[in-house]
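The values are calculated or read from the model by the stated rules, or taken from the named source; none is laboratory data. Worth saying up front: this structure is predicted, and the values here are computed from it rather than measured. Neighbour counts run over all protein chains shown; Cβ positions are idealised from the backbone, glycine included. Note: areas computed on protein heavy atoms with side chains; ligands, DNA, RNA excluded. Shrake-Rupley method; radii C 1.70, N 1.55, O 1.52, S 1.80 Å.
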Amino acid sequence: MAKAAAKTWRIGIAGLGTVGAGLLNLLSERPQFAPAGGRVAIGGVSARSRSRPRPFDIANLPWFDDPVALATSPAIDLFVELIGGSDGPAKAAVEAALRAGKPVVTANKALIAEHGAELAALAEEAGAPLLFEAAVMGGTPAVKMLREAMVGDEIKSVAGILNGTCNYILTEMEATGRSFAEVLGEAQRLGYAEADPTMDVGGFDAAHKISILAALAFGCAPNFAAAEIEGIDQVDLLDIRLARDLGYRIKLVASADRSPDGVLVRVHPSLAPLNHPLAQAGGALNALFIEGARIGRIFLQGPGAGAGPTAAAVAADIADVATGAVRPVFQAPARTLAPFTPVDPSKSVGRAYLRFLVKDEPGVIAAVSETLAEAGVSIESFLQKPVEDAGGVPIVLTTHAVAESVLKAAIGRIAGLPAVIDRPRLLRIARI
């Protein structure tokens, strides 16, 4: 009997920015990239501008002005969406491809975090795979770890550094002593940060990613709207220095924790001990802890962005489609998915870092300590260190575990003390 000819997968790529360019380069450099013994060919491309200068030649590639037309074209078997954005052309093209029964691979975290449940239902109704490994941690396989390797365990929590731009900024602030604004400007010049950096430094990019990981970990629908989000734009160089004196390093930590009351998803600047793996993940690296009831804790670290790593993650998803791998988009059938029940953040319990800027006068430390004690907040460590040009004397302390509602009530009372110059600064200590 003659052997059946290997299938050629004709791919349509919408979006020719950093990741799209990386994917085209990968496919040109690896012409033998052949999942399941088949072949991969470019059936069409689409982007906002055909004439924009690019580091590769697209003259011989079929061009589509409309990504929706590409997504539904008979000339392609698989649609790769690299446009970005939670709505607009990206969403329309992905929906069109799925309705046409075409597999979809995307790197779009905003789209999956905000519309993942409805897209999963559409994909399952059409019998078309929807894969998004590259949407979280770039080339580091966090999605596959949760959706495949740990599917037999019960996940208790996921937490880590999910935004390379913020990690780069915080690393450089500590290493060079420069302000947030100075390092952000450098990050923009180097291409680590966008001209409008709000999605990154405001914590929204990390919130999209942790919302996806929470859905995969806990078998629920993504619930981005329930995430508590705080970025790094208010992180002061003074706190970076004082935290280090206490044995900590400030990182933007995204976390999702499951409890009997529901799921708490948060993104906020947090203190990690200097010897902790998260504290040691510098520059633009991403890092993630996954804790399972049976497997225990697993740690992943790697590049969270960039043309090469992210394109490799897209290629891995293409390979999954080509090999016929079939699994639910979020571990459970789409019809059973429901948004997780959010936990009231004020009820969460944890340790904290507090900084007060006070007048240099007798009795201030006693007044702060007494106010915390009366509120039920126990002090773990204490540091008073004169800092030049601080406008006062910084008092820094860390607390034992305390309910957030209790802690914030105590902060409000301290803010009203006559010797306190400005509102106290609160940072959480990472619970990982």
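In the Gaussian network model of the chain, springs joining C-alpha atoms below 10 Å, which of ALA366, ALA419, ALA92 carries the largest mean-square fluctuation?
Among ALA366, ALA419, ALA92, the largest GNM mean-square fluctuation belongs to ALA366.
Given the options LEU16, LEU238, LEU285, state which has the largest fluctuation in a GNM of the chain using a 10 Å cut-off (strictly under) for Cα springs.
LEU238
Using alpha carbons only, what's the Rg to Rh ratio of the range 83-208 with Rh from Kirkwood?
1.05
If you work out P(r) over Cα pairs in 20 Å bins from 0, in percent from the coordinates, which of (i) 22, 47, 25, 5, 0; (ii) 25, 50, 21, 4, 0; (iii) 19, 49, 14, 4, 5, 5, 3, 1, 0 do you get?
(ii)
Once neighbouring chains are kept in place and the probe is 1.4 Å, which whole percent of the accessible area of the chain is contributed by carbon and sulfur?
Carbon plus sulfur share of accessible area: 52 percent.
Please report the accessible area of ILE295 (heavy atoms, 1.4 Å probe, ligands and nucleic acids excluded) in Å², nearest 10.
Accessible area of ILE295: about 90 Å².
Suppose a student asked you for the relative contact order of the chain, using Cα pairs under 8 Å spaced at least 6 residues apart; what percent would you report?
Relative contact order here is 16 percent.
Using heavy-atom solvent-accessible surface (probe 1.4 Å) with all chains present, what is the largest-first order of ARG425, ARG241, ARG351?
ARG241, ARG351, ARG425
In a shell of Cβ-Cβ distance under 13 Å around ASP77, excluding ASP77 itself, what net charge do Lys and Arg (+1) and Asp and Glu (-1) give?
On the way: positive: LYS7, ARG10, ARG39, LYS102; negative: none.
After counting each charged neighbour, the total is +4.
If you count only protein heavy atoms with a 1.4 Å probe, what accessible area per residue comes out for the chain, rounded to a whole Å²?
42
Pick from VAL45, VAL358, VAL329: which is most flexible by mean-square fluctuation in a GNM of the chain where alpha carbon atoms under 10 Å apart are linked?
Ranking VAL45, VAL358, VAL329 by mean-square fluctuation puts VAL358 first.
Largest first, how would GLU194, GLU81, GLU182, GLU228 line up by accessible area (1.4 Å probe)? Mind showing how you got there, number by number?
Working: GLU194 120, GLU81 0, GLU182 100, GLU228 50 Å².
Final ranking, largest accessible area leading: GLU194, GLU182, GLU228, GLU81.
By its C-alpha gyration tensor, with a ≥ b ≥ c as the square roots of the eigenvalues, how is the range 110-161 shaped: rounded for a/c under 1.5, else prolate for a/b larger than b/c, else oblate?
prolate
Hey, what did the range 248-299 get for relative contact order, percent, Cα under 8 Å, at least 6 apart?
28
Loop only per DSSP, at most 15 neighbouring Cβ atoms within 10 Å: give me the GluC sites (Glu not before Pro) in the range 345-396, ordered by residue number.
Sparse-neighbourhood loop GluC sites (Glu not before Pro): GLU388.
Quick check on the range 65-128: take the gyration tensor over C-alpha atoms, sort the square-rooted eigenvalues as a ≥ b ≥ c, and tell me if it's rounded (a/c under 1.5), prolate or oblate.
Because a/c hits 1.5 or more and a/b fails to exceed b/c, the range 65-128 counts as oblate.
Calculate the length of the line joining the C-alpha centroid of the range 385-424 to that of the range 1-73, in whole Å.
56
Mind checking the full-extension length gain between GLU374 and THR8? Use 0.36 nm per residue of separation minus the Cα-Cα distance, one decimal, nm.
124.6 nm
Within the chain, how many Lys pairs sit with Cα atoms under 13 Å apart, leaving out pairs fewer than 8 places apart on the same chain?
Values: LYS91/LYS109; LYS109/LYS209; LYS347/LYS408; LYS359/LYS385.
Close lysine pairs found across the chain: 4.
Starting from the Cα-Cα distance between ALA195 and ALA367, subtract it from 0.36 nm times their residue separation and give me the gain in nm to one decimal.
Extending this stretch completely gives an extra 57.4 nm.
Quick one: what does P(r) look like for the range 232-282 with 5 Å bins over all Cα pairs, in whole %?
Values per bin, smallest distances first: 5, 19, 24, 22, 14, 10, 6, 1.
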